[in-house]
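In what follows, a structure is listed as C-alpha cells, so that the remarks can point back to it.
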Amino acid sequence: KIIVTGALGQIGSELTMELRKQYGNNNVIATDIRKRDGEITETGPFEILDVMDGNRMAELAQKYQVDTIIHLAALLSATAEAKPLLAWNLNMGGLVNALEVAKEQNLQFFTPSSIGAFGPSTPKDRTPQDTIQRPTTMYGVNKVAGELLCDYYFHKFGVDTRGVRFPGLISYVTPPGGGTTDYAVEIYYEAVKNKKYASFIDKGTYMDMMYMPDALQAIIQLMETDGAKLVHRNAFNVTAMSVAPEHFAEAIKKHIPEFVLEYNVDPMRQKIAESWPNSLDISAAQSEWGFQTKYDLAQMTKDMLEKLKPKLLK
Ligand code: VAH
C-alpha cells in the first residue's frame, strides 16, 4: 500500500492514477493540502494532509498500514526563488517529516530531485551522475540537501530511499505550478488555444525535458528494482531530450503550420535556467535499473496536441 503526498500536483495527479491502475484503487492513498473533486478523490482513498504536520502524516501511514511513501509535495524553482524562506521550511520540513515516517514505520521511500540540484560550476553538457553540485537557487539548495538527507537515512537508518533528478516534465493533465520549465507545457496549451506563444525562456536555452508517461514509468521501475542492484540512490540523472524553445516550435509547426513563437523573457526564470545543465548523462540509471524512455520530441508533441485539442477546444 502506498501513500502519496502532493497527489493533486503535476506529477502526483498522474502518478496516483497510474499506481491505482497497477496496484489497485484502494491500495493508493492520495493526500494533498486541500481537496479537489475529480478522479483522484473519486477512485480511491483521499486525505487532507499538510506535510508540515508530521504527526498527521504518521497517523495516516499507520491508519492505512502503507509500506511505501511517495513524497511529492514541494514548491518548485520559480516559486521557491520568490519565497525562499517558505521554500526552505516547506521543502525541507516536509521532507524530513516524510523520512521520519518512513524510518519509524519501515516504509520504502521515493522523492524526486531535479536538474535544479546542479549549478553554474557543474559541467553543463552530459552532466555526470557524480559531479559538483553548487546550485545558486533556493530550490537547488533544497534538492541537494534533500539528496544528501535521503542518502543519510539510507546509510544511517537503513531506510530504502530512492530518487531521480527529474528534468522539465511535460504533461496535459495538471499544469505545473511555479516551475522554470513550465514554458515547455504552456507552449502546447497556447499553440492549441491561440496558435502563438511568448516564451519566458530565451531562444537557445537548452534544458533537459521528458514526457510525463516516461516519468511515471521511471518512478515505478526504480521502485520495483531489487535494491541490491543499486549503486546510487539519491538521486539518478534521468532525461529524454535536451531542447530549447525553438525546437518545441518546430515540432508544433508540423501539426499547426501557422504557429508563431515569440519571446518575452522573464529575467528571474532565465537566470535559473542558465544555471542548470544543458544535458544529463543517464548511464547510471540505464545500467543500474534499466531506465529508458519511449517519447522523443516529435512523439511527445503529437500526443500532447492530440490530448489537448479536445480538452481546450470543446
Ligand atoms: C521546475 N519543473 O521548473 C521543475 C523542475 C527541472 C525542473 O524542477 O522547477
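The values are calculated or read from the model by the stated rules, or taken from the named source; none is laboratory data. Owing to the predicted nature of the structure, the values given are computational and were not obtained by experimental measurement. Note that we place each Cβ from the backbone using ideal geometry, even for glycine, and neighbour counts take in every protein chain shown. The area values use the complete protein model at the heavy-atom level, side chains included, leaving out ligands, DNA and RNA. Shrake-Rupley method; radii C 1.70, N 1.55, O 1.52, S 1.80 Å.
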Those residues of the range 198-225 which are hydrophobic (A, V, I, L, M, F, W, C), out of contact with any strand residue (DSSP E or B) (no Cβ under 8 Å at 6 or more places or on another chain) and away from the ligand (no atom under 16 Å from the Cβ), in sequence order: ILE220
Among (1) under 19 Å from GLY146 (Cα atoms); (2) away from the ligand (no atom under 16 Å from the Cβ); (3) part of a loop (DSSP other than H, G, I, E, B) - the single one ARG36 does not satisfy: (1)
Output for the range 182-197, where each listed residue is touching a residue at least 40 places away in the same chain (Cβ under 8 Å), within 15 Å of the ligand (Cβ to nearest atom) and open to solvent by 20 Å² or more (accessible area, probe 1.4 Å): none
Residue check for GLY116: within 16 Å of the ligand (Cβ to nearest atom), open to solvent by less than 50 Å² (accessible area, probe 1.4 Å) and under 20 Å from CYS150 (Cα atoms): yes
Number of positions in the range 151-169 that are more than 16 Å from the ligand (Cβ to nearest atom), touching a residue at least 12 places away in the same chain (Cβ under 8 Å) and either open to solvent by 50 Å² or more (accessible area, probe 1.4 Å) or out of contact with any Phe, Trp or Tyr (no Cβ under 8 Å at 6 or more places or on another chain) (or both): 3
Residue in the range 65-76 that is at pLDDT 95 or above, part of a helix (DSSP H, G or I) and on the phi < 0 side of the Ramachandran plot present: no
TYR172 vs. criteria among the aromatic types (Phe, Trp, Tyr) and either out of contact with any Leu (no Cβ under 6 Å at 6 or more places or on another chain) or surrounded by 24 or more Cβ atoms within 10 Å (Cβ to Cβ) (or both): no
The range 10-33: number of residues that are part of a helix (DSSP H, G or I), more than 16 Å from the ligand (Cβ to nearest atom) and closer than 24 Å to LEU90 by Cα: 1
The range 131-169, residues that are within 13 Å of the chain's Cα centre (by Cα) and either among the charged types (D, E, K, R) or farther than 21 Å from GLN286 by Cβ (or both): TYR139, LYS143, ARG165
Selection status of ALA7, open to solvent by less than 30 Å² (accessible area, probe 1.4 Å), closer than 21 Å to LEU169 by Cα and outside any strand (DSSP E or B): yes
